[in-house]
Structure formats: C-alpha cells, structure tokens
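Note sheet for the following structure.
The values are calculated or read from the model by the stated rules, or taken from the named source; none is laboratory data. It should be emphasised that the depicted structure is a prediction, and the values quoted were computed from it without experimental measurement. Note: ideal-geometry Cβ built from the backbone for every residue, glycine included; neighbour counts use all protein chains shown. Keep in mind that these areas ignore ligands, DNA and RNA; they rest on the heavy atoms of the full protein, side chains included. Shrake-Rupley method; radii C 1.70, N 1.55, O 1.52, S 1.80 Å.
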Amino acid sequence: DISVFVKYGMLTDDKFFEKAEKFFLLKTTEGEYFTLAEYKEKVATLQTDKDGKVVYLYSNSKDIQDSAIAKAKNLSYSVLLFDHPIDSHLIQRIEGKEENVSIKRIDAAPLSELINKDEKIEEVLSKKEIEKIENLYKEVVGEGGVFNVSTKALSPQEAPVLIVQDEFMRRMKEMSAMSGGMGFGNFPESYNVVVNTNHDLNRKIAGADSGNELAQHAIDLAKLANGLLKGEELTKFINRSLQSMNS
C-alpha cells in the first residue's frame, strides 16, 4: 500500500515530511480527500476552540463510532478517518508539525469538550438530585472497576450516558502496542462514564423512587454504542429489552 509507505516516510524523515505535506491526503469519513493545508483551511472556521486550536476530529472505526460521527455531522463538523495501526504515530507527528492543531478521536469526550468553545450550559438538576443519580450510576457499574462515573451538564441532545477514553492515555497505549506492548501498553483499560444530567432520562431517574433499571439500561446502551456490551451482559440486555417490549 503506497499510502502506508508514505506514512512511514513522514514518521521517520523530516525532509520527507516537508515534501509529503504537499501531496499526502487526509481522508474524511465522507470519502473526501484533502492535503494538510486544504483540510486546515476547510475546518478552521467551525472547529477552532476557545484557545485558538484548530481541532481535527477523527474516527478509527466508522461502524463502531457511527453515532458519534453522526452527532458531529449534525453540527457540520468534519471527521477524519485514521484506521491503520500506524496512524496513532502519524497523528502525533502531524500535531507536532502543524501549528495550532489538536487531533482528537471522536469518542474521547463529549463533543462540546472535544471542541471547547467555552459555552456555558445551565444545570437543570439540584445538587441533591445530581448526587443521587451519580451514586445510582456508580452502584450500577460498580466502583473501583474499569468504569469511572462523573456527571456533567451537557446539551439535552447529547446521549444520557457517554462512555469515553482519555485521548492521551488511549493513544499512548496504542503506540505502545505497536512497539511490543511495553510501557503504557501494560496499563489496564479504563473508561470514563459521563452522565448527562440535562438529559430527560436522567431527570426522570432523579425524580424516581428507584431508577436502577433505567440507569442500567442507559449504561448498557452506552456500552453497546462503543462495542463494549458482550457475553452475559449482552444476553441480559437483550432479555430485558424483550421483556420491556412485551409488557
């Protein structure tokens, strides 16, 4: 594959990178192609954050991250496709070479945080209600495991629960895996469960006597969206969904 050869050259040779900038093409999830300069110009207006960084969003799996890509598309954001194992290293390289550019995977955080424009979103729940749903979700996922729960006031159009991975740690793990699994590659998997306190479902849970079943369903949907719902958990989710449809 000539594109992989070019990527290796860009990673290992500064002079080659400078030449390749003029012909190397970034591919979007829509199947469009742009040089580095063309792409920066394309997204600079909409995808510049509060610190003046032009944020390149990317996906490494169109199928798994379809929901997150669709949300970005609804806001007229562009999403790049980096789906080759070497791309973690290439992303790091481009960030180091391109001025005022930050590259973030589409599922690394809520969209409003990936491109942070310092827009304030009003919290609709009281502190007591927030504490209630946070404790409830912690009970559902189990504390001290791979899922760490936090609450945030996001747009009501965001999902009730998002499961995200820190961009830096995930990227370091991927790069370590390419190098034989040493260093960051030995770190256990860890995910952040972000509970959207402004979503109608969580407002409903906050006002319910017992919202465990709703919280469990919301968690399972978030896992399903991230390809994390498997085995016994998936079977229980399917059975619970069928029971709900028949009731």
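Test Asp83 against the criterion of being in contact (Cβ under 8 Å) with a residue 60 or more places away in the chain and either of a type in the set (D, E, K, R) or crowded, with 20+ Cβ neighbours inside 10 Å (or both), and give yes or no. Write out each step before concluding.
Working: in contact (Cβ under 8 Å) with a residue 60 or more places away in the chain: no; either of a type in the set (D, E, K, R) or crowded, with 20+ Cβ neighbours inside 10 Å (or both): yes.
Criteria not met by Asp83.
Hey, can you tell me all the residues within the stretch 41-53 that are open to solvent by 30 Å² or more (accessible area, probe 1.4 Å), in contact with a Phe, Trp or Tyr (Cβ under 8 Å, 6 or more places away or on another chain) and of a type outside the set (Lys, Arg)? Write out each step before concluding.
Narrowing the stretch 41-53 to residues open to solvent by 30 Å² or more (accessible area, probe 1.4 Å): 41-42, 44-46, 48, 50-53.
Checking the rest, the ones that are also in contact with a Phe, Trp or Tyr (Cβ under 8 Å, 6 or more places away or on another chain) come to 42, 46.
The one that is open to solvent by 30 Å² or more (accessible area, probe 1.4 Å), in contact with a Phe, Trp or Tyr (Cβ under 8 Å, 6 or more places away or on another chain) and of a type outside the set (Lys, Arg): Leu46.
Working carefully through the options Ala177, Ala159, Ala215, Ala206, find the one that is more than 15 Å from Asn135 (Cα to Cα), small (Gly, Ala, Ser) and modelled with pLDDT of 85 or more.
On the way: Ala177 fails: modelled with pLDDT of 85 or more; Ala215 fails: more than 15 Å from Asn135 (Cα to Cα); Ala206 fails: more than 15 Å from Asn135 (Cα to Cα).
Every option except Ala159 fails the conditions.
Hey, does the stretch 120-142 have a residue that's in a loop (DSSP other than H, G, I, E, B), closer than 19 Å to His217 by Cβ and modelled with pLDDT under 95? It would help to see each step written out before you state the result.
Filtering the stretch 120-142 for residues in a loop (DSSP other than H, G, I, E, B) gives 120-126, 142.
This time we only want the ones that are closer than 19 Å to His217 by Cβ, so: 142.
Applying the additional criterion that residues be modelled with pLDDT under 95 yields 142.
Yes, the conditions are met somewhere in the stretch 120-142.
Restricting the search to the stretch 54-65, which residues are open to solvent by less than 80 Å² (accessible area, probe 1.4 Å) and assigned to a loop (DSSP other than H, G, I, E, B)? Let's see the steps before the verdict.
Within the stretch 54-65, the subset open to solvent by less than 80 Å² (accessible area, probe 1.4 Å) is 54-61, 65.
Answer for the stretch 54-65, where residues must be open to solvent by less than 80 Å² (accessible area, probe 1.4 Å) and assigned to a loop (DSSP other than H, G, I, E, B): Asn60, Ser61, Gln65.
Of all residues in the stretch 1-55, which are of a type in the set (Gly, Ala, Ser) and under 19 Å from Asn100 (Cα atoms)? Step through it out loud before you land on a result.
From the stretch 1-55, those of a type in the set (Gly, Ala, Ser) are 3, 9, 20, 31, 37, 44, 52; that's our starting set.
Within the stretch 1-55, Ala37, Ala44, Gly52 meet the criteria.
Name every residue in the stretch 187-212 that is open to solvent by 40 Å² or more (accessible area, probe 1.4 Å) and free of Cβ contacts under 8 Å to residues at least 24 places away in the same chain, in order of residue number.
If the condition is that a residue be open to solvent by 40 Å² or more (accessible area, probe 1.4 Å) and free of Cβ contacts under 8 Å to residues at least 24 places away in the same chain, then Phe187, Lys204, Asp209, Ser210 are the ones that fit.
Among the numbered criteria (1) in contact with a helix residue (DSSP H, G or I) (Cβ under 7 Å, 6 or more places away or on another chain); (2) open to solvent by 20 Å² or more (accessible area, probe 1.4 Å); (3) more than 30 Å from Phe16 (Cβ to Cβ); (4) of a type outside the set (A, V, I, L, M), which single criterion is violated by Glu98?
Only one criterion in (1) in contact with a helix residue (DSSP H, G or I) (Cβ under 7 Å, 6 or more places away or on another chain); (2) open to solvent by 20 Å² or more (accessible area, probe 1.4 Å); (3) more than 30 Å from Phe16 (Cβ to Cβ); (4) of a type outside the set (A, V, I, L, M) is unmet by Glu98, namely (3).
In the stretch 13-27, is there at least one residue being closer than 24 Å to Glu119 by Cβ, surrounded by 14 or more Cβ atoms within 10 Å (Cβ to Cβ), in contact (Cβ under 8 Å) with a residue 12 or more places away in the chain and in contact with a strand residue (DSSP E or B) (Cβ under 7 Å, 6 or more places away or on another chain)?
Let us first name the residues in the stretch 13-27 that are closer than 24 Å to Glu119 by Cβ, namely none.
No, every residue in the stretch 13-27 fails to be closer than 24 Å to Glu119 by Cβ, surrounded by 14 or more Cβ atoms within 10 Å (Cβ to Cβ), in contact (Cβ under 8 Å) with a residue 12 or more places away in the chain and in contact with a strand residue (DSSP E or B) (Cβ under 7 Å, 6 or more places away or on another chain).
Taking the condition of being of a type in the set (A, V, I, L, M, F, W, C), touching a residue at least 60 places away in the same chain (Cβ under 8 Å) and in contact with a strand residue (DSSP E or B) (Cβ under 7 Å, 6 or more places away or on another chain), how many residues in the stretch 49-80 meet it?
1
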